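Data block below; observations after.
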Amino acid sequence: MQSRKKETSMDKMNIGLAKRYRKERRFRLFGLAAVFASITFLGILFVSIAANGWTAFQQTEILLDVHFDTAEFDVDNLYSVNYGALVKNSMRSLFPEVKGRSDKRDLYRLMSSGAVYILQDMVMKDSGIIGSTQQIWLPADDEVDMLMKGHISRDVTEGDRRLNDKQISWVDTLVAEKRLEKKFNTTFFTAGDSREPELAGIRGAAVGSLFTLAVTLLLSFPIGVATAVYLEEFAPRNKWTDLVEVNINNLAAVPSIVFGLLGLAVFLNIFGMPRSAPLVGGLVLTLMTLPTIIIASRAALKSVPPSIREAALGVGASKMQAITHHILPLALPGMLTGTIIGMAQALGETAPLLMIGMVAFIVDVPGSVTDPSTVLPVQIYLWADSPERAFVERTSAAIMVLLAFLISMNAIAVFLRRKFERRW
Amino acid sequence: MSPSLFLIVLLGMASYVYMQGKRRAFRLASSESDSTKLHSRPGYYGMLTALWCFLPALLVFSFWMMFSGSVLTTLALRTLPDTMQNIPPNQLNLLINDLHNLIAGHVAAKDIDPVLQLAAEQYLGMERISRISLAVVMFAVALFFSSLIYRRITPRLRARNHVERIVQTGLMICSGLAVLITIGIVVSVMFESIRFFQQVPVTDFLFGLKWSPQMAMREDQAGSSGSFGAIPIMAGTFMISGIALSVAVPIGLMSAIYLSEYAPPRVRAWAKPVMEILAGVPTVVYGFFAALVVAPFIRNSGELLGLDVSSESALAAGLVMGVMIIPFISSLSDDVITAVPQAMRDGSYGLGATKSETIKNVIIPAALPGIVGGVLLAASRAIGETMIVVMAAGLSANLTANPLQAVTTVTVQIVTLLVGDQEFDSPKTLVAFALGLLLFLVTLVLNVIALYVVRKYREEYE
């Protein structure tokens with residue numbers, strides 16, 4: 001009798017309990033899996049970018065013995081010299097057995113078309129080398145570069161390859177002679193954009209980003225802080241203040257491309273500002289980052305305890321004096337943190353800048369805020385669209401540079417917060 | 001002499017005037033007898049003089065910057081012969097473009113029209129005159145106002161109050177800028193959209209099923225007029241956003257629950273910032289990742305299963321976009337979940353519920369308004385997201401429900417229509433603004449609903 005009663009209540013519950021605990025464990029596992037999944041995505045993203053990109057920091061170069069023949073040079077006009085012939089002669093002297101027009105052409109293709117300009121620059125810098133023979137490392141063509149980095153498979157049939165069998169055999173000979181090596185790619189950091197992957201660099205885009213961010217910072221920080229101070233300290237509670245607040249919250253959620261449309265319609269078409277200029281880019285990004293800075297600055301102002309304000313007012317300071325002498329200095333670290341985070345967003349932003357023409361192909365490094373230029377994320381977009389295989393690794397490398405900038409900016413923000421955060 | 005130089009000179013002048021004003025206040029304070037003290041500290045007198053030196057001149061300067069270009073262009077065009085002046089507006093725009101290129105010296109010497117060259121020279125001459133007159137007017141204004149204030153400096157002048165009023169007005173103007181930006185967005189986008197709707201009826205745009213935004217060069221051209229039906233691209237936008245949300249909502253919500261309810265503090269302190277990194281990665285990076293890694297992966301696995309997958313499938317773009325918005329959902333949900341009071345959890349445990357039962361039956365219902373608001377914000381983010389879809393989604397406007405096919409989105413179309421050369425009288429360009437307006441309105445409505453839901457249905461505890 002007694003055993004039967006126990007079975008009905010306790011056992012039933014125990015069966016149910018086991019089921020409930022199983023559910024509990026499953027639920028917890030789902031949660032862990034979700035966290036794990038997002039971190040895995042991040043890992044895959046970073047690893048694939050790094051795996052694709054690290055090779056771009058190296059560039060294949062060929063050692064040539066260039067004879068600067070005095071007969072070729074007209075001292076008065078160093079630009080008109082046929083530098084191409086110098087490169088071709090040196091290539092031929094490496095492989096004297098190559099005969100026939102098409103073979104020769106294939107041979108010349110191993111060298112980057114930019115080698116000519118390097119020689120020209122050398123002569124321009126020091127005309128004393130005319131008449132001598134110099135050993136010079138010159139960049140190889142991007143196809144050779146890809147072969148050296150293993151992106152062109154030798155097993156594919158000749159027709160499907162960008163390099164034919166003869167070219168590959170020449171490359172192998174050069175490698176055996178130690179005339180073809182992978183070296184650190186300085187061009188990537190010192191050059192502007194180019195159609196040739198081996199000559200393309202990120203300096204133009206980086207400088208453009210710098211100008212754009214400078215404009216953004218100069219405009220958005222003062223305006224953002226002023227707005228925050230007004231809304232927190234002065235604004236009366238009325239319809240107008242409510243309208244401003246609703247507006248700021250909404251602006252924070254407007255798609256960035258809409259700001260680009262505004263820039264195109266207002267700054268370019270109505271005010272007639274120059275296309276592709278960092279000035280206009282900075283203005284558009286200012287509109288975008290303002291809400292971020294305002295919201296962060298207001299939070300920073302709110303966190304200053306009222307006792308400080310009251311103490312200042314109590315010893316006879318005016319409201320403005322209390323703010324400028326006491327509250328602003330205490331709120332400044334928080335404001336700066338918010339500004340840096342806003343700047344990091346602006347640095348990574350692409351879409352609105354496409355609208356105002358910052359996608360143009362620009363070779364020169366910009367010299368001022370009105371010069372046509374591009375920015376790092378747009379450069380990444382442009383390279384990602386290029387068909388050459390060699391641009392894939394350069395795109396990834398540019399992404400690594402961009403991420404490095406972003407991470408260091410965020411690290412500075414975190415550091416500022418840790419260092420100056422005060423608990424009242 | 002460049003205009004920016006004027007500003008620098010003006011700044012220098014203002015700081016000089018500041019010192020003079022301050023010195024005068026000091027002098028007054030020392031010369032007067034002790035009974036009349038200065039009303040404000042001497043610095044305020046200097047500040048007041050400097051502000052009156054700087055601000056009116058700055059106003060003159062900005063007006064000149066805004067209007068001189070267009071005035072000068074009109075004047076230069078007047079010098080052209082009548083035959084060149086009386087041409088249709090779009091050709092006139094081209095002419096103006098040529099003129100500006102000439103002025104900037106962007107044209108090779110051999111193909112210059114002598115008449116235009118003359119106009120350009122006129123322009124440059126007038127620009128020189130206008131700059132000189134600007135400098136004269138600007139500095140005269142600065143001098144006039146600063147000397148006026150300088151003379152009026154007396155111990156009884158309430159300089160501090162004046163300065164503070166000016167600064168406060170400045171602060172107010174800055175805060176009004178946010179409203180101005182919104183108005184600017186609405187007006188500029190609306191203006192071009194209205195021009196578009198004058199050429200293409202609104203109903204054709206909103207309910208049309210075919211999207212091919214070309215305009216015929218000639219009337220009799222085959223397939224002459226393009227069609228501007230926004231339904232296919234709206235469908236594409238919602239499909240990609242839907243895929244993104246169906247990835248992001250479960251993962252984001254579950255990780256928020258795990259991190260706030262289960263994870264030990266050490267794991268939480270470590271995993272939360274790592275997930276925040278996902279939000280900080282620029283979208284162009286996600287786009288590249290989607291095009292380079294995810295899209296080929298999906299196509300290859302589709303081929304293994306015998307499916308025909310487009311290389312620009314909606315699935316690839318949607319998946320990557322989902323990853324991008326995970327942190328939005330997780331951090332917003334995390335905030336509302338931690339805001340649920342501990343007493344409610346304790347009550348549920350006291351009744352014998354397990355942790356997961358408490359979460360499902362107590363915490364989520366309590367936090368639901370916040371979670372829904374977060375999801376809506378994430379949805380508006382997904383709809384407005386540009387770079388991922390530009391790089392990974394297609395261009396062809398297919399009206400399809402198959403996520404393995406290529407679809408296009410509103411933002412992709414805006415970018416493709418507006419990048420490159422534009423003519424601002426063709427529907428092909430103007431439709432981009434109509435799409436922008438649509439995008440702005442949809443996201444605005446989503447945001448407003450999100451804020452409303454959060455405010456209206458928020459459970460207030462204590």
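Any read-out appearing in this document is the output of simple, stated calculations on the displayed coordinates, not a laboratory observation. Being a predicted model, the structure only gives us computed values, none of them experimental. Virtual Cβ from ideal backbone geometry, glycine too; neighbours counted across all protein chains shown.
Calculate for chain B the 222 nm mean residue ellipticity that helices alone would give, adding -39,500 (n - 2.57) per DSSP H run of length 4 or more and normalising by residue count, nearest 500 deg cm²/dmol.
Numbers: 18 runs with 337 residues, N = 462.
Calculated from helices alone, the mean residue ellipticity at 222 nm is -25000 deg cm²/dmol.
Under the rule that an exposed site lies in a DSSP loop and has at most 13 other Cβ atoms within 10 Å, name the longest stretch of chain B with no trypsin sites (Lys or Arg not before Pro) of that kind, not counting the sites themselves. List each step's numbers first, then the result.
On the way: sites that count: B:K37, B:R156, B:R158, B:K210, B:R218.
Here the longest run is B:219-462.
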Please list, in order along the stretch B:328-339, the HN-Hα scalar couplings obtained from phi with the Karplus expression 6.51 cos²θ - 1.76 cosθ + 1.60 (θ = phi - 60°), rounded to whole Hz, x for Gly and Pro. 4, 5, 5, 6, 5, 5, 4, 4, 6, 5, 5, 7
Using a Debye calculation, one point per C-alpha and no hydration shell, please list log10 I(q)/I(0) for the stretch A:203-420 at q = 0.11, 0.13, 0.18 Å⁻¹ in order. -0.61, -0.80, -1.24
Cut-off 20 Å, label 7 Å out along Cα→Cβ of A:D165, residues of the stretch A:79-105 by amide N: A:97-105
Taking N as the number of residues in chain A, what value does Rg over Cα atoms divided by 2.2 N^0.38 Å take? 1.43
Give me the one-decimal nm value for the distance between modelled label points at A:L210 and A:V246, 7 Å along each residue's Cα-to-Cβ direction. 4.5
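Looking at the P(r) of the stretch A:113-179, how many percent of alpha-carbon pairs lie beyond 16 Å?
Values: 1275 of 2211 pairs.
In whole percent, the long-distance tail amounts to 58.
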Note down the net charge around B:R345, summing +1 for each Lys or Arg and -1 for each Asp or Glu among other residues with Cβ under 12 Å from its Cβ. -2
Report the calculated FRET efficiency for B:Y16 and A:N238 (r = Cβ-Cβ distance, R0 = 45 Å), to the nearest 0.05. 0.65
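Could you please rank B:E303, A:E181, placing first whichever residue has the fewest other Cβ atoms within 10 Å of its Cβ? List each step's numbers first, then the result.
On the way: B:E303 11, A:E181 16.
Listed from fewest to most nearby Cβ atoms, that is B:E303, A:E181.
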Enumerate the whole-percent occupancy of each 5 Å bin, from 0 to the last occupied one, for all C-alpha pair distances of the stretch A:59-185. 2, 10, 21, 22, 18, 13, 8, 4, 2, 0, 0
Note the angle between two axes, namely the Cα long axis of helix A:239-251 and the longest principal axis of the Cα atoms of chain A, as a number of degrees from 0 to 90, rounded to the nearest 10. 40
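Please tell me the relative contact order of chain B in percent, rounded to the nearest whole number, where contacts are Cα pairs under 8 Å and at least six residues apart.
Values: 546 pairs, mean separation 73.3, N = 462.
Answer for chain B is 16 percent.
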At q = 0.12 Å⁻¹, work out log10 I(q)/I(0) for the stretch B:3-157 with the Debye formula, treating every Cα as an identical point scatterer and leaving solvent out; two decimals please. -0.65
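With the Cα gyration tensor of the stretch A:139-218 in hand, convert its eigenvalues to equivalent ellipsoid semi-axes via √(5λ) and list them largest first in whole Å.
Values: eigenvalues 259, 40, 14 Å².
Taking √(5λ) for each eigenvalue gives 36, 14, 8 Å, largest first.
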Could you work out [θ]222 nm for chain A from helices alone, using -39500 (n - 2.57) per DSSP H run of at least four and dividing by all its residues? Round to the nearest 500 deg cm²/dmol. -19500 deg cm²/dmol
Once you put a point 7 Å from the Cα of B:L148 and another 7 Å from the Cα of B:V274, both along the Cβ direction, what distance in nm separates them? 6.6
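Can you compute the charge dipole magnitude of the protein assembly as shown about its Cα centre, using +1 on each Lys and Arg Cβ and -1 on each Asp and Glu Cβ, nothing else charged? Give it in debye, rounded to the nearest 20. Could the numbers behind the result be given before it?
Details: 75 positive and 69 negative charges, 926 e Å.
Computed charge dipole of the protein assembly as shown: roughly 4440 debye.
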List the residues, sorted by chain then number, that are 5 or more residues from A:T60 or on another chain and whose placed amide H is less than 5 Å from its amide H. A:A140, A:K183
What residue among A:M355, A:M320, A:M273 has the largest mean-square fluctuation in a Gaussian network model of chain A, using Cα springs under 10 Å? A:M320
Excluding same-chain residues fewer than 8 positions from B:K37, which lysines have a Cα within less than 16 Å of its Cα? B:K22
Quick check on my link table: of A:K88/A:K182; A:K125/A:K183; A:K149/B:K272; B:K428/B:K456; A:K104/A:K125; A:K12/B:K272, which ones sit more than 32 Å apart, alpha carbon to alpha carbon? A:K149/B:K272; B:K428/B:K456; A:K12/B:K272
Among B:S311, B:M13, A:G357, flag the residue with its Cα farthest along the positive direction of the charge dipole of the protein assembly as shown, charges on Cβ as +1 for Lys/Arg and -1 for Asp/Glu. B:M13
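Semi-axes of the equivalent ellipsoid for chain B, please: Cα gyration tensor eigenvalues, times 5, square-rooted, ordered largest first, whole Å.
53, 42, 18
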If each part is reduced to its alpha-carbon centroid, the stretch B:232-254 and the stretch A:341-355 end up apart, in Å, by 23
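Could you give the alpha-carbon Rg of the stretch A:302-379 over 2.2 N^0.38 Å, rounded to two decimals?
Working: Rg = 21.1 Å, N = 78, 2.2 N^0.38 = 11.5 Å.
Here the answer is 1.83, to two decimals.
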Between A:L63 and A:F420, the two model label points (7 Å from Cα along the beta-carbon direction) sit apart by a distance in nm of 5.4
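For the stretch B:226-456, what is the per residue volume of the convex hull drawn over the alpha-carbon atoms, in cubic angstrom?
Working: hull volume 33.8 nm³, N = 231.
Expressed per residue, the convex hull around the Cα atoms of the stretch B:226-456 is 146 Å³.
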Return the sequence-ordered ³J(HN,Hα) values of the stretch B:66-72 in whole Hz as given by the Karplus equation 6.51 cos²θ - 1.76 cosθ + 1.60 applied to θ = phi - 60°, using x for Gly and Pro. 6, 9, 4, x, 5, 4, 4
Among A:W137, A:W170, A:W240, the residue with the largest mean-square fluctuation in a Gaussian network model of chain A built from Cα contacts under 10 Å is A:W240
May I ask for the angle, rounded to the nearest 10°, between helix A:83-94 and the longest principal axis of chain A, with both axes built from Cα atoms and the value confined to 0 to 90°? 70
Please rank B:W64, A:W54, fewest neighbouring Cβ atoms within 10 Å first, as an exposure proxy. A:W54, B:W64
With the convex hull built on the Cα atoms of the protein assembly as shown, state its orientation-averaged projected area in nm². 54.8
